[in-house]
1. Under 5 Å between amide H atoms, partner at least 5 residues away or on a different chain: which partners does Val31 have, H built in plane at 1.01 Å?
2. Arranged by the count of other C-beta atoms within 10 angstrom, fewest first, what order do Arg169, Arg74 take?
3. Net charge near Asp249, counting Lys/Arg +1 and Asp/Glu -1 over other residues with Cβ under 14 Å of its Cβ?
4. Can you pull out the trypsin sites (Lys or Arg not before Pro) in region 336-389 that DSSP calls coil and that have at most 11 other Cβ atoms within 10 Å?
5. Quick check for me: using +1 on Lys/Arg Cβ and -1 on Asp/Glu Cβ, what's the dipole size of the chain about its Cα centre, in debye to the nearest 20?
6. Among Gly304, Leu317, Ile268, flag the residue with its Cα farthest along the positive direction of the charge dipole of region 259-318, charges on Cβ as +1 for Lys/Arg and -1 for Asp/Glu.
7. Through the Karplus equation 6.51 cos²θ - 1.76 cosθ + 1.60, θ set to phi - 60°, convert the phi angles of region 260-266 into ³J(HN,Hα) values in whole Hz; use x for Gly and Pro.
8. Name the residue, out of Ala151, Ala36, Ala217, whose mean-square fluctuation peaks in a Gaussian network model built on the chain with Cα pairs under 10 Å.
Amino acid sequence: MKTDERPILIAGGGPVGVVTALALAKRGIPVKVFEAQTEINDSPRASTLHPATLEMLAELDLLGEVTTQGLVARTFQFWDRPARRLVAEFDHAILAQDTTCPYVVQCEQHKIVKMCIDKLAAHPHASVSFGTPVESVETHADGVAITVAGANGSERFEGSYLVGADGGRSLVRKALNIAFDGYTFPERFLVLTTPFDFGTEHGVAFRAYFSDPDEWANLFKVAGDDGKGRWRAVFPTLPGQTDEEVMSDEACESRLQKFFPKTGRYDIFHRNIYRVHQRVAVRFREGRVFLAGDSAHVNNPIGGLGLNSGIHDATHLAELLADVRAGKRPESVFESYDAIRRPTNIEYVQQQTIANKKRLEERDPAAREANFEALRKTAADPAAHRAFLLRTSLIESVRKIKAAAE
Ligand SMILES: Cc1cc2nc3c(=O)[nH]c(=O)nc-3n(C[C@H](O)[C@H](O)[C@H](O)COP(=O)(O)OP(=O)(O)OC[C@H]3O[C@@H](n4cnc5c(N)ncnc54)[C@H](O)[C@@H]3O)c2cc1C
């Protein structure tokens, strides 16, 4: 059989697009990535990389760099925020027999994008273009074509397949008329980045979830571009609040002071506010076009699962594309992409993140106490502790997929 030498086209040079590109390029497959922005977006977004994802990044020779540029977080915690009381702590070390990476690495997503692009530069059959938004998509029985805007006007590119890794507002998904079912939360999420050391001052782990009927919070530490370390605090805002009401110096200061009072003002490096959704595309594939990452599914960030599941899409898809291109498996195997990735996202990412948010914002005192008790009991029982972490670290989802394939 003659190998199809046309490139695989990728719309979107975010983390999922470039991980897909690297996984393909390393197998010798020609690939072209088109990114709308003119440079890597370095605003604070995802950073948590779970054990199952770290194993995938290890296969792409990215684990060492991700670990060096990130922070290893073996434990995470649940807190009762109004009482400022630690409820339970979970330790990934209990997964030592289950994974080569019994820990989480917090590595900012823009660093992951840069690492992948640097590695792609070593593959002459791979290219990444910035400032090139994909404008339209054509699909045929035996190929795809896209038009891309560039400095010299629109240009048309043909390829064997197209991966839509172009984020939550995906043009590729819309071009194929694929509905994005689900809902948008009425409240937006605020992220404040500060160098204040919640770990040394208050014993907070590098990743911590605070339950509060009035204002839940997440706190996690990242290395920062200078490696000096900084904390990101995530809070819900009230529906209808304006940017000014939420983002002003005074509003941010009083929110952090209410969280953990301290003498002197908080130094705030960065603030951003964003809309949060729970949505899943009704199909992840249409002929020779695939959706991966946020273009296929979006979720709230509590639990740090969105980017992880996008990387799982990327590695899964790259393997299928490589196998079909090499003639090892028939094209019909592509049906498994939608048949596996979609329910896996619903079961392990949508359901989990919805439950995580509900647990943090629970208002009923008896239900809150029952949640705390359940977390304490789970943390105290080694078998339950391990089972809980197998699920949250996405190892269980990967095992389930493997078992179904055997
Ligand atoms: C403000 C914010 C904060 C977040 N915080 C967290 C968090 O704390 N924890 C967490 O787990 N997740 C978080 N997320 C979600 C997480 O960032 C995403 O799950 C992750 O970025 C998904 O990667 P992706 O590559 O699929 O999509 P994206 O990162 O969105 O990348 C898509 C890329 O496609 C490009 N693009 C769009 N349209 C086109 C086009 N037509 N042509 C070419 N390129 C195009 C975009 O410019 C972008 O670079 C956050 C998201 C946002 C928006």
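A short reminder: the numbers here are calculations on the coordinates, not readings from a lab. Small disclaimer: the values here were computed from a predicted structure and weren't measured. All Cβ positions, glycine included, derive from the backbone under ideal geometry; neighbour counts span all protein chains shown.
1. Residues meeting the criterion, in which the H sits 1.01 Å from N, are Ile8, Ala126, Ser127.
2. Arg169, Arg74
3. -3
4. Hits after loop and neighbour filter: Arg363.
5. 540
6. So the residue we want is Ile268.
7. 9, x, 8, 7, x, 7, 6
8. Ala151
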